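The values are calculated or read from the model by the stated rules, or taken from the named source; none is laboratory data. Not measured: the values here are computed from a predicted model. Glycine gets a Cβ as well: all are built from the backbone with ideal geometry, and neighbour counts include every protein chain shown.
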Amino acid sequence: MRVLGWLLCALLFGLALALALLSLGTFASLAGTGPLWLRSLGGLEGALAEQLGLEGLGGVGQALSLMVLTSLCAALAAFVKPRA
C-alpha cells in the first residue's frame, strides 16, 4: 500500500510540475516578454485548450485556472504522500 501511495504522490507531483510550466508559459505568452521557450509553452497550452474546447476562457482565465489546478495537484500530492 505504501508503494502505491508513493507512486500516486510522484504522479500527482509530476502533473503539478507540468501544469505549472503550462501556466507560466501562458503568462509569458500574454506578456510577450518572456523567453522564447516559455512563450512556446504558452502556445502549446493554447493548442491544448482549443482541443479541449476551453478557448472561450481567454488567456488570463486559462492561466488562472491552470494555477488552481496546479495548486490542487500539489496539495493532493502532499496529502497522499505516505507518512512514517
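Quick look at the values:
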{"item": "Pick from region 57-84, criterion part of a helix (DSSP H, G or I), out of contact with any Cys (no Cβ under 9 Å at 6 or more places or on another chain) and among the small types (Gly, Ala, Ser), ranking: modelled with the lowest pLDDT", "result": "Gly59"}
{"item": "Selection within region 24-39 - touching a Gly at 6+ places or on another chain (Cβ under 9 Å) and closer than 15 Å to Gly59 by Cβ", "result": "Leu24, Gly25, Thr26, Phe27, Ala28, Ser29, Leu30, Gly34, Leu38, Arg39"}
{"item": "Scan of region 3-56 for residues that are at pLDDT below 85, within 22 Å of Leu72 (Cα to Cα), more than 14 Å from the chain's Cα centre (by Cα) and outside any loop (DSSP other than H, G, I, E, B), ordered by number", "result": "Leu52, Glu55"}
{"item": "Where a residue in region 26-51 is under 19 Å from Val68 (Cα atoms) and its partner, wherever it lies, is modelled with pLDDT of 85 or more and part of a loop (DSSP other than H, G, I, E, B), with Cβ under 8 Å and at least six apart", "result": "Ala28/Pro35"}
